[in-house]
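Worksheet for the structure shown next.
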Ligand SMILES: Cc1ncc(COP(=O)(O)O)c(C=O)c1O
């Protein structure tokens, strides 16, 4: 059976080049990067090379990179590492739960938190950020691109506001690596999170950019690893893989990978809109990462459509994978004032650099079929249409 994967915002496969780079570090190139002997020093060299590669992706210094276990840890380290009881934190209502739930926990610990609303297209207003500032504001944490809609947030403007107000600016850049430029100086952020498994490195790898001079309180206590910012023996193969994936992500950006993804995403989106009635794009009116489209299909349940498409061989997601299983409509689509029924009838298609034209053609074949079939089965669909027509 033919299978096509269009859920790359949930996770991406480790590519052959990345796998080949990491593989020796499980076996013949093993070592603890803290050991002073040959094995340790070879491991240390590999970790520091990976740090250079990740720093190149962020356009920062190698010493500003802290290796983590992924996006969730990076987001938590940024927030818990700098925001203290009595402080004020500004974030948005469309952040990933790694930021939202961390912010809620900080609130329980005596931090005042502002969750900013978004426009109907799912974008935070820099003006709202400015207005939310208080004398005790310590940090602004606004994601660079939303994982459900792909909407790019005005991070450079927010970075300027943070700088003027002299508050820390953290951006969750998990969904942008390899899709848009991640230049921390141009963004004006003090902290930025990435996750390996969204960029063809393994799950359980990631990095946090921490601007020089920013004193983080660590989440873990133990050894002096990562300049005392993250205790624990380094995940050597994972870090090597993240370094290679970062190098390839940067190369891809220079070689037009993002433009190629945008062409395929647009063909997919336009193709579905042309073939299916009563469907549309959530967040269509704004700049998005090139790999994501979030479409609504009225008169059906998104979960049922995800299952129907999976049975045909197409893997997509009915919202955020991390929230799947929850009957509640997505918090992101709800924040965009999308009615609950439409939010539940929305699907996220997210491609990556390995997606081909044939994959898009396949999706264009099966999506209209499955939508019509589910609508025909719906007891209310025909009646709703007659009512509307009458
Ligand atoms: C925007 C965003 N932030 C953070 C995370 C969490 O990353 P990880 O799965 O590496 O913990 C995700 C994962 O879906 C994400 O999309």
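The values are calculated or read from the model by the stated rules, or taken from the named source; none is laboratory data. The structure presented is a predicted model; accordingly, all values stated were derived computationally and were not measured. Reconstructed Cβ throughout: ideal geometry from the backbone, glycine too, with neighbour counts over all protein chains shown.
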Could you list, in sequence order, the residues of the stretch 140-154 that are surrounded by 24 or more Cβ atoms within 10 Å (Cβ to Cβ) and either more than 30 Å from residue 345 (Cβ to Cβ) or more than 16 Å from the ligand (Cβ to nearest atom) (or both)? 140, 141
So residue 169 ticks every box in (1) assigned to a loop (DSSP other than H, G, I, E, B); (2) more than 11 Å from the ligand (Cβ to nearest atom); (3) within 21 Å of residue 62 (Cα to Cα) but one. Which box is left unticked? (1)
Just wondering, is there one or more residues in the stretch 224-238 that are surrounded by fewer than 15 Cβ atoms within 10 Å (Cβ to Cβ), within 17 Å of the chain's Cα centre (by Cα) and either at negative phi or within 15 Å of the ligand (Cβ to nearest atom) (or both)? no
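Being surrounded by fewer than 23 Cβ atoms within 10 Å (Cβ to Cβ) and in contact with a helix residue (DSSP H, G or I) (Cβ under 6 Å, 6 or more places away or on another chain) narrows it down to one of 258, 304, so name that one.
Details: 258 fails: in contact with a helix residue (DSSP H, G or I) (Cβ under 6 Å, 6 or more places away or on another chain).
It is 304.
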Failed criterion for residue 83 (all others in (1) farther than 27 Å from residue 290 by Cα; (2) surrounded by fewer than 22 Cβ atoms within 10 Å (Cβ to Cβ); (3) away from the ligand (no atom under 12 Å from the Cβ) hold): (2)
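Listed here are the residues, each with its yes/no results for (1) part of a loop (DSSP other than H, G, I, E, B); (2) at pLDDT below 95; (3) within 23 Å of residue 249 (Cβ to Cβ).
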{"residue": "293", "(1), (2), (3)": "no, no, yes"}
{"residue": "347", "(1), (2), (3)": "no, no, no"}
{"residue": "353", "(1), (2), (3)": "yes, no, yes"}
{"residue": "358", "(1), (2), (3)": "no, no, no"}
{"residue": "374", "(1), (2), (3)": "no, no, no"}
Pick from the stretch 201-217 the residues that are surrounded by 15 or more Cβ atoms within 10 Å (Cβ to Cβ) and within 15 Å of the ligand (Cβ to nearest atom): which of them is nearest to residue 32 (Cα to Cα)? 205
Show the residue pairs that are 6+ apart or on different chains and have beta-carbon atoms under 7 Å apart, the first residue being within the stretch 89-115 and farther than 21 Å from residue 173 by Cβ, the second being in a loop (DSSP other than H, G, I, E, B). 109/85; 110/85; 110/86; 111/83; 111/85; 111/87
From the set of residues in the stretch 181-200 that are within 21 Å of residue 287 (Cα to Cα) and assigned to a strand (DSSP E or B), which is nearest to the ligand (Cβ to nearest atom)? 193
Count of residues meeting criterion [in a helix (DSSP H, G or I) and either touching a strand residue (DSSP E or B) at 6+ places or on another chain (Cβ under 6 Å) or under 22 Å from residue 115 (Cβ atoms) (or both)] in the stretch 329-343: 8
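Search the stretch 1-32 for residues being more than 16 Å from the ligand (Cβ to nearest atom) and under 25 Å from residue 316 (Cα atoms), and hand back the single one that is modelled with the lowest pLDDT.
Top of the filtered list is 1.
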Test result for residue 162, away from the ligand (no atom under 16 Å from the Cβ), buried (at least 24 other Cβ atoms within 10 Å of the Cβ) and not in a loop (DSSP other than H, G, I, E, B): yes
So, residue 242, is that one in contact with a strand residue (DSSP E or B) (Cβ under 9 Å, 6 or more places away or on another chain) and closer than 30 Å to residue 339 by Cα or not? no
Would you check which residues across the stretch 23-36 are within 12 Å of residue 47 (Cβ to Cβ) and not in a loop (DSSP other than H, G, I, E, B) and list them? 25
Which numbered condition residue 220 fails, given (1) within 16 Å of the ligand (Cβ to nearest atom); (2) surrounded by fewer than 20 Cβ atoms within 10 Å (Cβ to Cβ); (3) modelled with pLDDT under 95: (3)
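Tell me which residues, restricted to the stretch 116-153, are over 22 Å from residue 330 (Cα atoms) and in contact (Cβ under 8 Å) with a residue 24 or more places away in the chain.
Within the stretch 116-153, 126, 129, 130, 132, 133, 134, 136, 137, 138, 139, 140 meet the criteria.
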Could you tell me whether the stretch 96-109 includes any residue that is within 16 Å of the ligand (Cβ to nearest atom), outside any helix (DSSP H, G or I), surrounded by 24 or more Cβ atoms within 10 Å (Cβ to Cβ) and at pLDDT 95 or above? yes
